[in-house]
1. Among the residues of the stretch 493-511, is there at least one that is buried (at least 17 other Cβ atoms within 10 Å of the Cβ), under 20 Å from N401 (Cβ atoms) and among the hydroxyl-bearing types (S, T, Y)?
2. Name the residue, out of I583, I605, I555, I542, that is surrounded by fewer than 24 Cβ atoms within 10 Å (Cβ to Cβ) and either over 22 Å from I662 (Cα atoms) or without any contact (Cβ under 8 Å) to a residue 24 or more places away in the chain (or both).
3. Please specify each residue of the stretch 350-378 satisfying the condition of being of a type in the set (G, A, S), in a loop (DSSP other than H, G, I, E, B) and touching a strand residue (DSSP E or B) at 6+ places or on another chain (Cβ under 7 Å).
4. Considering each of F382, F428, F394 in turn, give the residue that is outside the structural domain of S291 (by TED's automatic domain parsing), aromatic (F, W, Y) and surrounded by 24 or more Cβ atoms within 10 Å (Cβ to Cβ).
5. For N129, only one of the following conditions fails: (1) part of a helix (DSSP H, G or I); (2) farther than 19 Å from W310 by Cα; (3) touching a helix residue (DSSP H, G or I) at 6+ places or on another chain (Cβ under 8 Å). What is its number?
6. Can you tell me which residues in the stretch 395-446 are part of a helix (DSSP H, G or I) and touching a strand residue (DSSP E or B) at 6+ places or on another chain (Cβ under 9 Å)?
7. Can you find even one residue in the stretch 217-229 that is at pLDDT 95 or above, assigned to a strand (DSSP E or B) and under 21 Å from A122 (Cβ atoms)?
Amino acid sequence: MTLIGLLHHRKDPNTVIKSYAYAVVAQAEGADFIYFTPKGVNFDSQTIEGFEYKNGSWQEKTTPFPDVIYNTGSPERLDISKDIINQLKENIPFTTVSLGNKWTINERLKKGKLFANYLIPAKVLKEWNDLSEFLSEYRNVVVKPMDGRKGQGIYFIKKMENDFIVNKDCKESLLTQKELKEFLEGLLPENTYIVQPYINSKTKSGLIFDFRLHAQKNGEGKWVITTIYPRIAKEGTIISNINNGGYTNYLEPFLTQEFNAEEAFNIKRTLEYFTLSLARHLDELQMLEYSEVIDEIGIDVGLDKNQKLWIYEVNWRPGCPPAFYLELDVVRNTIQYAIYLAHHHKKIKQDIRDFKKRDMEKRRVPIIAVTGSAGKTTTKSFISSILEKRLNIFESKDYWNRTDHTQIHADLINSNHEAVVLEYGMGFPGVISEHCRIIQPNISVITNVGMAHIGNFDGDIRKIAKAKSELIHGTKQNGILFINKDDENSKLLEIDQFKGKIISIGIKNHADYRAYNISYADSGMNFKVMLHNKECSFFIPIYGEHHVYNALNAIAVADYLGFSPSEIKSGLLFRKPPRRLTIYQLKHSITLIDDSVHSTPQGVIAAIDVLKNISPARKIAVLGRMIGLGDRRTEQYQKIGNYLVKQGVDIVITYGRYAKGIGLEAINAGLPSHNFKHFLDEKEMHDYLLNILQEKDSILVKGASIMNMYNTVQFINSTIGNKE
């Protein structure tokens, strides 16, 4: 049985009259019902302390978390408990989501275009000139609070020859321009107001009227019209809201009274079509902007003398229509939809993702996915930094590259994003395919194919290449693929069946985008690339030839998307990912290289290159263990040990289980045995480092993230101190 929770800010359900109706209808629909406040939520026990309606009264009860929550109560009052509510939303579907205030809804409809021609021109009032311009153009205007409810705080202002008539709540005042300016100056500090031209929507007898269009989703998740009814203002006011003395009528008798038979028929059909069309449109806009669906709206529209519809405002929490049987209709739809949502929220989430995917395809949004054994994050950061020079981009956060992260990204991407840049990590076969199932890229970058996680692939580099190839198969087959021409293992990638365009980058071999004249500079690398038969010089603020490859991928992607060399140059001056070859200049001219976020054989060799190239004196490498190498560990440690000696590293320090093998291999390659130390205890290693460090040393700290080598970076930094 479905358990529906009604969330409200008031503790006592007896003070919330409508709660009774919801409880009774829920029981009639075969659902359990609990009324609760945020204070009744217990995350430790996953229970709710609230009230159930039983035997004609509300009784205290503790239940498991609801299957669905009807979100009611004051948003302002509930806002103090937003952390609790947001935590509930992580696992429980909510009904009644916010559409925003009058202005944001208008802006959203304007952007959506489909209903833009039904919007009344509007402007946020900030000063007298804003009001004066509208009065000069339209003569009759309405001023109302942006967050107003129930028709409160609305002013009608009419421009006469020399004076102005201001009407509020049936009271008219005749003001001079000076008095009106003073009135406005007193009004604006109270609230945020908007000004609109007045739409002359009057009955034959001269009374102001509008239509309330009330739509909801039903028990099948489909939009239905709950009711459409006219609201007529009392004489002398423009406010038709019931709370301000207005009254209602049934639609058909009202139309028959005010229009001829053909007009009445056409207006009724127009209102019905308009209600459902606008509800579906707003639902789609909510999906694109916030990855959620709406389930109830109240639309207020006017009808001018030419019988053109104008949207006055859209309410996402409309009050119940002023008739008992209609109130029950509203409650019944709400409860039935809540039950539907409880059982179908996973399907709804997938429908939202599919809809957003179709929207991005329609808008031809570049969706760029980066994978590879090394360089993913830096490549992603370079690409994003260039693209954001011109586009509003979505970039995956820091090192968020798991499939659950991609699932989160799918919900965060919205219609404002003009490009998407994602990092796809991989530790096992099938993972990249899952990334692509969640968000399918149309541009893909494979930085390289290396030894990372090779222990999960039976020590076979061909199996890693096959797993990386999942990105090739998962990319839109008319899309673009960027590969590394210099990477020997990338030749194992399954590119033969890819029907899109393949673009290569490289340094050593001929490629579509090739870097040359590479050199170390102060705080980074210089290099050149030919773009459209013109030589372009570039600089990246990070050390290492391997980062030139990462920058090349970004240059190639940006050039393909039409970015200019100057935009690319500017974008390459990027915000470097944290703990990626970050250089600290310490006291006593000691240089500290922090590369502690991740460790692969390729990455270690690249970091050793940087150590060699920027060191003025002794070179010290502090290397933590690498994980995921499996049976290839000895082979890779031997390669690293040899490379340490080849590049002239003076002192080698290893930390963690198995890491000792790196140092032993370095000794075999010629490193003096007294220049190698291995530690299992972090404090002992730190004490040793403190004793051996001397002026002008350069020290590299690198290891798998699980080894927490950043602790060593922090220790050296804090103990030695930054250069003055």
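The values are calculated or read from the model by the stated rules, or taken from the named source; none is laboratory data. Since this is a predicted model, take the numbers as computed values, not measurements. We place every Cβ from the backbone using ideal geometry, glycine too, and count neighbours over all the protein chains shown.
1. No, that holds for no residue.
2. Answer to the check: I583.
3. G372
4. Details: F428 fails: surrounded by 24 or more Cβ atoms within 10 Å (Cβ to Cβ); F394 fails: surrounded by 24 or more Cβ atoms within 10 Å (Cβ to Cβ).
Going through F382, F428, F394 in turn, just one is outside the structural domain of S291 (by TED's automatic domain parsing), aromatic (F, W, Y) and surrounded by 24 or more Cβ atoms within 10 Å (Cβ to Cβ): F382.
5. It is condition (3) that N129 fails.
6. Start the filter on the stretch 395-446 by keeping residues that are part of a helix (DSSP H, G or I), which leaves 403-412, 431-438.
If the condition is that a residue be part of a helix (DSSP H, G or I) and touching a strand residue (DSSP E or B) at 6+ places or on another chain (Cβ under 9 Å), then H405, T406, H409, L412, I432, H435, C436 are the ones that fit.
7. Among the residues of the stretch 217-229, not one is at pLDDT 95 or above, assigned to a strand (DSSP E or B) and under 21 Å from A122 (Cβ atoms), which makes the answer no.
Here's the yes/no breakdown for (1) in contact (Cβ under 8 Å) with a residue 60 or more places away in the chain; (2) closer than 22 Å to H345 by Cα; (3) in a strand (DSSP E or B):
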residue: L6; (1), (2), (3): yes, yes, yes
residue: Y20; (1), (2), (3): no, no, no
residue: V25; (1), (2), (3): yes, yes, no
residue: K39; (1), (2), (3): no, no, no
residue: S45; (1), (2), (3): no, no, no
residue: F51; (1), (2), (3): no, no, yes
residue: Q59; (1), (2), (3): no, no, yes
